[in-house]
Amino acid sequence: MRFISAILFTAILGFVFGTGFTARAFAQEAPDVGPKPPLVVKPMESHIGNITGHSADAKSDYRRYCAGCHGDYGDANGENAVWLDPKPRDFTIATFKCRSTLTGTLPTDEDLFNTIGRGLTNSNMPIWNTFTKQQRADLVAYIKIFSPRWEHEKAGEPIKIPAEPPVTVESISHGKALFTKLECWKCHGPHGEGDGPSASTLTDSKDNPIRPYNFAAGGSDSRFKCGNSNQDIYKIFMTGVDGTPMPSFADVIQPNDAWDLVHFLRTLQVNRHGKENEVLAAAHGVIPPYVEKSPAPAAAPADNKSPGGGH
Amino acid sequence: MRTKQMLLTLSTLFVCPSLMCPSLMFAGTVSGKVTYTGTPAHQKPIDMSKEPSCAKQHATPVITETVVTGANNALDNVVVYVSSGAPDDGQVPTQAITYTQKGCQYIPHVLAMHVNQEFDIVNDDQTSHNIHPLPKVNIEWNKSQPPGTAPIKEKYDKPEFIEVKCNIHPWMHGYFAVLKTSHYDVSKDGGDFKLPNLPPGKYTITAWHEKYGTQTADVTITGNETKDVNFTFKATAY
C-alpha cells in the first residue's frame, strides 16, 4: 500500500514539475540549476509618522506570516500561491494595487502600512490587525528588499484630494453621467454588478483572469480593496489599481467631478446605509438626468446606455 | 575601444579622401526583406459587435495582426535594428511619434522608438480606451483615455519589447519596441526595411517578430554602399 502511494505521489510530483519545465522550455530560458542563492536582507527603512521600520527586524515575521504566499524571495511563489486567486503580490516587480500616488509610481510607506493593516477584501490577504504598528512598519521596510526600484526611485507624490462637497441629488446625477461617459460600465456593468460587456475577458498583468468589482454585492459593510472611506474610493479610480485592468483616471477627471462620481458609486452599493443612499431615498430613488451647468448649446450625448443604480 | 574607434576613423578617411567626405561619411545602408517559410497561423476576423462605434468604421471585419504577411511570403511588422557595432550616442530623436487608437485598433501595430524618446498616444475613437502596456523591465502603468481627451505623453527609459493592451477591448494588441539605437526600421509593404546613415563598421543586425522571436545577421559596411541583408523566419501554425 505504502509502495503504491509512493509511486502515485512520485507520478503526481512528476506531472506538476514536468509541466513547469515544459513551460520553461517553450519560453527558451535556461532553467535555474542548483539551490537558490541565499537571500540578502538589504538594510531598508520605512517611515510612518514617527515610527521607523527596519527590514532586518521583520525577517522572522516575514518568514512566519508572509512567505507562505508571497515566497521567501518575494516573488509570489510561496507554497500556497498556486491555490490562491487572486494571486499574491509579487514584490520583485514593485507594482502595487493600493496607492495614493499616480499610476506607475511607487506607493508611499503609509499606503503599504495601511494595506497590511486593512487586508485585501475578496482575496486571501487577511487583516493583520494583530501586528503592532512597529511590526507593520518593519514589514513595509522588508518588502523593499525585493526590488531595486526602492533604491533608485522615490515614492510618488500622493494625489491632492479637495474637501468633500455635500452629497446632493445633483452630485449623484453628475456622477452617474460621468459613469456613463467614462464607460466605467464597460467592465463594472450598468448597475455596478461587475457584469459589463468586457468583464468576462479581463486578465491581470500576469494573465490571470480577474473580475471587476461588484458594487451591488454585499451588505451594509461591503468593503473595497483599497479602503472603505469616500476618500479611498476617490483614490482608487484616480490612481488606478496597478497590475490590474483598472486604469487611472487622474488625467481625465477634474477633482470636484471625481467627488460626484464617488457619490454615485456609493448609490450602486444598494444595501449600504450611508448619506448617499439617504439622499437618493429622499428623492424617491430617482436620479434625475444630468443637465450641463455651463452654457453648452450642443446637444447632450444620447443617454441610451444609461446605467441604473439606487433604484 | 579607443583603438577600434581610431581604426573606424582611419578607414573612413581612407575610403573617402575627397572633399565630398562629410556628405558621404555616413552613407552606408543596410536594406533587405523579411520573409517566412512554412505556414503561418490563420489570422481570424475580429468581432467588434460589442463596440458598435468601432465596428461601423470597418466595411469588412478587421483581421488579427499577430502575423501580417504579404505577397511572396513577405513578413511585415518585424523590428529590424542595429543591436551592436554602433555605440549609442545617447541622442534621443526629437521627432514626434504617435500611437493612434482608431477603429479599436493600434496604428501602427508595432511602434519602434528610442530609449527616452517621447511619444504621443492618441484616441481617435468615439469610445474610451485604456492604454495598458505590460512591461517587465520598465515601469507598468495603466491610463484611461476617453474620446476627445488630450494625447498621453510617455517615454520608456530601458530597452524592451512591450506588449500593449486595452482591457476594455480585449482584441486590441500591439507592441512598443524601445531600442537603444537610432538605427531601426519596422518591415512593411511586403517585408521591406532600410537602415540608412550607417558609418563604416561591423554591425550585428537583429530582427524581432512578436510571434517568431529574433534572428541576427552580421554585416560590414566599408563606405558608401548598400548591403543586402535578408531575414527568414520559420512560421508556426499556432
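Given region A:172-279, what helices (runs of 4 or more DSSP H) lie entirely inside it while holding 3 or more residues that are closer than 22 Å to A:I159 by Cβ and more than 14 Å from chain B (Cβ to nearest Cβ)? Break it down stepwise before answering.
On the way: elements: A:185-188, A:230-239, A:255-268.
Where helices (runs of 4 or more DSSP H) fall fully within region A:172-279 and carry at least 3 residues being closer than 22 Å to A:I159 by Cβ and more than 14 Å from chain B (Cβ to nearest Cβ), they are A:230-239, A:255-268.
How about region B:159-216: which strands (runs of 3 or more DSSP E) wholly inside it have at least 2 residues that are away from every other protein chain (no Cβ under 14 Å) and of a type in the set (G, A, S)?
Hits in region B:159-216: B:173-179, B:201-209.
Please go through region A:241-297 and give me each residue that is under 14 Å from A:P165 (Cα atoms), more than 21 Å from the chain's Cα centre (by Cα) and either among the β-branched types (V, I, T) or buried (at least 21 other Cβ atoms within 10 Å of the Cβ) (or both), ordered by number.
A:D260, A:E276, A:V279
Which residues, taken from region A:99-126, are within 16 Å of A:C69 (Cα to Cα) and free of Cβ contacts under 8 Å to residues at least 60 places away in the same chain?
A:I116, A:G119, A:N124, A:M125, A:P126
Is it the case that some residue within region B:104-127 is facing chain A (nearest Cβ under 10 Å) and not in a strand (DSSP E or B)?
Scanning region B:104-127 turns up at least one residue that is facing chain A (nearest Cβ under 10 Å) and not in a strand (DSSP E or B).
Exactly one condition in (1) surrounded by fewer than 20 Cβ atoms within 10 Å (Cβ to Cβ); (2) outside the structural domain of B:Q43 (by TED's automatic domain parsing); (3) in contact (Cβ under 8 Å) with a residue 24 or more places away in the chain is false for B:I107; which is it?
For B:I107, the exception is condition (3).
Can you tell me which residue is nearest to B:F231 (Cα to Cα) among those in region B:68-114 that are modelled with pLDDT under 95 and in contact with a Lys or Arg (Cβ under 8 Å, 6 or more places away or on another chain)?
Taking the candidates together, the pick is B:G85.
If the requirement is being touching a strand residue (DSSP E or B) at 6+ places or on another chain (Cβ under 7 Å) and either modelled with pLDDT under 95 or within 25 Å of A:D111 (Cβ to Cβ) (or both), which of these qualifies: A:G20, A:G53, A:G49?
Unique residue meeting the criteria: A:G53.
Among the residues of region B:91-103, is there at least one that is without any contact (Cβ under 8 Å) to a residue 24 or more places away in the chain, more than 14 Å from every other protein chain (Cβ to nearest Cβ) and not polar (S, T, N, Q)?
The answer is yes, given that some residue of region B:91-103 is without any contact (Cβ under 8 Å) to a residue 24 or more places away in the chain, more than 14 Å from every other protein chain (Cβ to nearest Cβ) and not polar (S, T, N, Q).
The values are calculated or read from the model by the stated rules, or taken from the named source; none is laboratory data. As the structure is a prediction and not an experimental result, all values here were calculated from the model. Cβ coordinates were reconstructed from backbone atoms using ideal geometry, including for glycine residues, and neighbour counts include every protein chain displayed.
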